[in-house]
1. Please find, among VAL136, VAL114, the residue that is within 22 Å of ARG231 (Cα to Cα), modelled with pLDDT of 95 or more and either surrounded by fewer than 22 Cβ atoms within 10 Å (Cβ to Cβ) or outside the structural domain of THR83 (by TED's automatic domain parsing) (or both).
2. Can you work out which of the residues in the stretch 68-90 that are part of a helix (DSSP H, G or I) and free of Cβ contacts under 8 Å to residues at least 12 places away in the same chain is surrounded by the most Cβ atoms within 10 Å (Cβ to Cβ)?
3. Looking at (1) in the same structural domain as THR108 (by TED's automatic domain parsing); (2) in a loop (DSSP other than H, G, I, E, B); (3) on the phi < 0 side of the Ramachandran plot, which is the one condition that is false for VAL408?
4. Could you list, in sequence order, all residues of the stretch 383-397 that are within 16 Å of PHE43 (Cα to Cα) and either over 19 Å from the mean Cα position of the chain (by Cα) or in the same structural domain as ALA304 (by TED's automatic domain parsing) (or both)?
5. Which of the residues that make up the stretch 115-146 are under 27 Å from TYR104 (Cβ atoms) and part of a strand (DSSP E or B)?
6. Out of the residues in the stretch 222-263 meeting the condition of being among the polar types (S, T, N, Q) and in contact (Cβ under 8 Å) with a residue 60 or more places away in the chain, tell me which one is farthest from SER275 (Cα to Cα).
7. Just a yes or no: is a residue in the stretch 13-24 surrounded by fewer than 13 Cβ atoms within 10 Å (Cβ to Cβ) and either more than 24 Å from TYR292 (Cβ to Cβ) or modelled with pLDDT of 95 or more (or both)?
8. If we scan the stretch 160-178, do we find a residue that is under 25 Å from PRO439 (Cα atoms) and modelled with pLDDT of 95 or more?
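The values are calculated or read from the model by the stated rules, or taken from the named source; none is laboratory data. Quick caveat, the model's predicted, so the values are computed rather than measured. Here the Cβ positions follow ideal geometry from the backbone for every residue, glycine too, while neighbour counts run over all protein chains shown.
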Amino acid sequence: MKKRFLILLAAAFVVLSCSKDDDSLIPGGPNPDPSANLDVQDFMWKSLNLWYFWQAEVPNLADDRFSSDAEYTEFLQSEANPTDFLENQLLFGEDRFTFYSDDYETFTNSLTGVTKSNGLSFGLIAYGSNQIAGYVRYVTPDSDAAQEDISRGEFFNGVDGTQLTEGNYIDLLFGENDTYTLNMANYETDTFVANGKEVTLTKQENFQENPIYVSNMIETNGQKIGYIFYRRFLSDFNDQLNNAIGDLKSQGITDLVVDLRYNPGGVVSSAVQLSSMIYGTNTNDLFFRRRYNPKLQEVFGSSAESNFVNETGSGMPINSLNLNRVYILTTSRSASASELVINCLDPYMEVIQVGATTTGKNEFSVTLVDDPDNEGLPFIYDAGRESFINPDNSWVIQAIIGRGENSVGFSDYTNGLIPEIELDEDILNLGILGDPNEPLLARAIEDITGVSGKQDFSVRMPAKPMADSDTFSPSQDLIILDDLIPLKKND
């Protein structure tokens, strides 16, 4: 199934309001036979009947689908497996991004950057007959991997002494073992050869990712260029992001490069705040407008609009750069809130996208749990209401509930946002994130300065720069399998 191979693109939290006396958001529909033990399927139907963006296009979610409780009970019993019920009976065929899990606690932790992780991000490559190699995209700061001798651009082709293949890579890299040893390798003419180096990594419980990996000021040809690598839109780090932008502002930068190449999205309010840091804090300027299913659109009306902001969620004044142009680095892994920033800044300033076409996730989602009595926001997950969630149902749905459009009404980018300057990452020459000679950043700097080729730089580097990687010419025989990394349907 398609969802087995998608990377979770993160939630876009939506702040919604409703009158206390407005019954429009009270879950409707019939009730199942209590003795049938259908809590999970009942939650799935009622939450999606209310919130799902494609509710009107799915016949089984129609408000008048059932004429009696008995008919509803029979329908819920049609699929004993909740995954099959959701996939086969309720989800719209064109929905690419709704996810779900049978463990809401682990799931909701992951949306805040708290996961079980060793901190290594890697891609996979198919070569030879059925062999697999991995390449390191980045190492998360302060993680277990950050303490080891492994860095961006390195390769591995084995785990615990076993060569990775198409038949075993899932078990070896995504199995139950929290600790494993990577057998590192060198690239040699369209193949990968073990080089004897071994790196042992251990996944840490409740690891908290700080999404602000690198923040530099690069000075060249009399211009001061700010650079920030931002990995996820996490609301807990909005103040730190604001401080990082403030630091760049204090250094007098004239241009900014925002690196979202591996950013899958996250919290919409963080996207609004980052955009306000870049463009400005006029709270009368519309940032974006949400489009829901017809019955929700009627309820929310003008409250479905979000403007630029002048402070973070904690009340800290926004450190705005007030720029008239910004450079944003992207790959096919840039999605959701990352794309929202690009699309919604576009009507106000020059947005120069460098890299590859983005994912094309123009929808937003919320986290749904079995809490129908959440006043005004039934089924919406609230960390303060965990005691109200049905203890007999731990399922969660990260459901697409709408599409976001910019201030001029544009939202048609399901095929991704195409860069003004196209440049694919070369896994044989990834460079160092934040280094002005890294290929994507170097291309942005070239466009900013108008000077091509190697330049003289004065760089304020991060405290712990990553080691350099080797440089190779790309091979046409290597197949990049970015979507090979699997997730179980209920992960």
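1. Only one candidate qualifies: VAL136.
2. This residue is GLU74.
3. With (1) in the same structural domain as THR108 (by TED's automatic domain parsing); (2) in a loop (DSSP other than H, G, I, E, B); (3) on the phi < 0 side of the Ramachandran plot applied to VAL408, the lone miss is (1).
4. Within the stretch 383-397, GLU386, PHE388, ILE389, ASN390, PRO391, ASP392, ASN393, SER394, TRP395 qualify.
5. Those that are under 27 Å from TYR104 (Cβ atoms) and part of a strand (DSSP E or B): THR115, LYS116, SER117, LEU120, SER121.
6. GLN223
7. no
8. no
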